[in-house]
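Student: What follows is a structure written as structure tokens; I'll ask about it next.
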Amino acid sequence: MKHYSIAIDGPAGAGKSTVAKRIAKRLNFIYVDTGAMYRALALHFIRNNISSDERDKIEEACKYADITIEYVNGEQQVILNGENVSGLIRTEEVGNMASASSVYPPVRLKLVELQRALAAKADVVMDGRDIGTYVLPNADLKIYLTASSAERARRRHLELKERGIDADINEIEKDIIERDKRDMNREFAPLRKAEDAVLVDSSDMTIDEVTETIIDKFNAVK
Ligand code: DC
């Protein structure tokens, strides 16, 4: 049976997960958040006191990390060695470790297998950095969703504020630029727009506008 897939790639804070969740709900697809998988592995490295430059230790630690995905009320849960860590991975520390440790091929290969298996058995909206270029090169629709770093920092700042965390917006933007650079310049499966991806710049668009744009594009190709 044919399963549809929509790949949404782009830098941190472009609105990928918010939009992907809405699209999944509307189309009755499963939302696969691949960043959460890299974050769960990053948490495993942090817990084992491994720093991001310890390549050998990271590669060894991969062998002892079992990552699986479950869905509770339609929400993706990431399970690390039997523990649901979904509530522990949304910190800047884990995000930065995920970006730094995901440069190593063994880290990526471990998760790519899981991502492809999910897309093989359901209709999916999958977001990440290398979905259209590497994980699902035959996706029915590929979107490269971006926004200016200033706008992405503004959104992240607001999001943190809503969670009661007071952060410096300039620091956030600096962090975002650094993360972009690392994600785009790594050797293996870097973040870039696939040739056949549609570029959507969300800097001046609402979430609804971005969602409708992508659903229209999907209806045109399906
Ligand atoms: O989307 P996010 O902020 O949850 O992702 C955290 C980091 O994980 C991101 O900076 C790079 C890495 N990542 C990746 O390399 N490939 C993916 N498909 C998804 C995330």
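Student: Do we find that N170 is loosely packed, with under 15 Cβ neighbours inside 10 Å, under 20 Å from R129 (Cβ atoms) and modelled with pLDDT of 95 or more in this structure? Break it down stepwise before answering.
Tutor: Numbers: loosely packed, with under 15 Cβ neighbours inside 10 Å: yes; under 20 Å from R129 (Cβ atoms): no; modelled with pLDDT of 95 or more: yes.
No; evaluated as a whole, the condition is false for this residue.
Student: So V200 passes all but one of these: (1) at pLDDT 95 or above; (2) away from the ligand (no atom under 15 Å from the Cβ); (3) out of contact with any strand residue (DSSP E or B) (no Cβ under 7 Å at 6 or more places or on another chain); (4) not in a helix (DSSP H, G or I). Which condition number does it fail?
Tutor: Looking at each condition in turn, V200 falls short on (3).
Student: For the stretch 63-72, check the following and say yes or no: at least one residue is under 26 Å from I172 (Cα atoms) and of a type in the set (D, E, K, R).
Tutor: So far as the stretch 63-72 goes, no, none of its residues is under 26 Å from I172 (Cα atoms) and of a type in the set (D, E, K, R).
Student: Taking only pairs six or more apart or across chains, which ones have beta-carbon atoms under 7 Å, a first residue in the stretch 69-81 that is part of a loop (DSSP other than H, G, I, E, B), and a second residue that is loosely packed, with under 15 Cβ neighbours inside 10 Å?
Tutor: N81/D66
Student: Could you grab me the full set of residues in the stretch 83-101 that are touching a strand residue (DSSP E or B) at 6+ places or on another chain (Cβ under 9 Å) and either more than 16 Å from the ligand (Cβ to nearest atom) or without any contact (Cβ under 8 Å) to a residue 12 or more places away in the chain (or both)?
Tutor: N84
Student: List the number of the failed condition for A150; all other conditions in (1) assigned to a helix (DSSP H, G or I); (2) surrounded by fewer than 22 Cβ atoms within 10 Å (Cβ to Cβ); (3) of a type outside the set (F, W, Y); (4) within 15 Å of the ligand (Cβ to nearest atom) hold.
Tutor: So the condition that A150 fails would be (4).
Student: Which of the residues spanning the stretch 102-115 are under 21 Å from E187 (Cβ atoms) and either more than 9 Å from the ligand (Cβ to nearest atom) or among the hydrophobic types (A, V, I, L, M, F, W, C) (or both)?
Tutor: Result: V103, Y104, P105, P106, V107, L109, K110, L111, V112, E113.
Student: Another question, then. Select from the stretch 11-41 the residues that are among the hydrophobic types (A, V, I, L, M, F, W, C) and more than 17 Å from Q115 (Cα to Cα) and write down the one among them that is farthest from the ligand (Cβ to nearest atom).
Tutor: Out of the qualifying residues, it is L27.
The values are calculated or read from the model by the stated rules, or taken from the named source; none is laboratory data. Note that the structure is predicted; figures quoted are calculated from it, not measured. Reconstructed Cβ throughout: ideal geometry from the backbone, glycine too, with neighbour counts over all protein chains shown.
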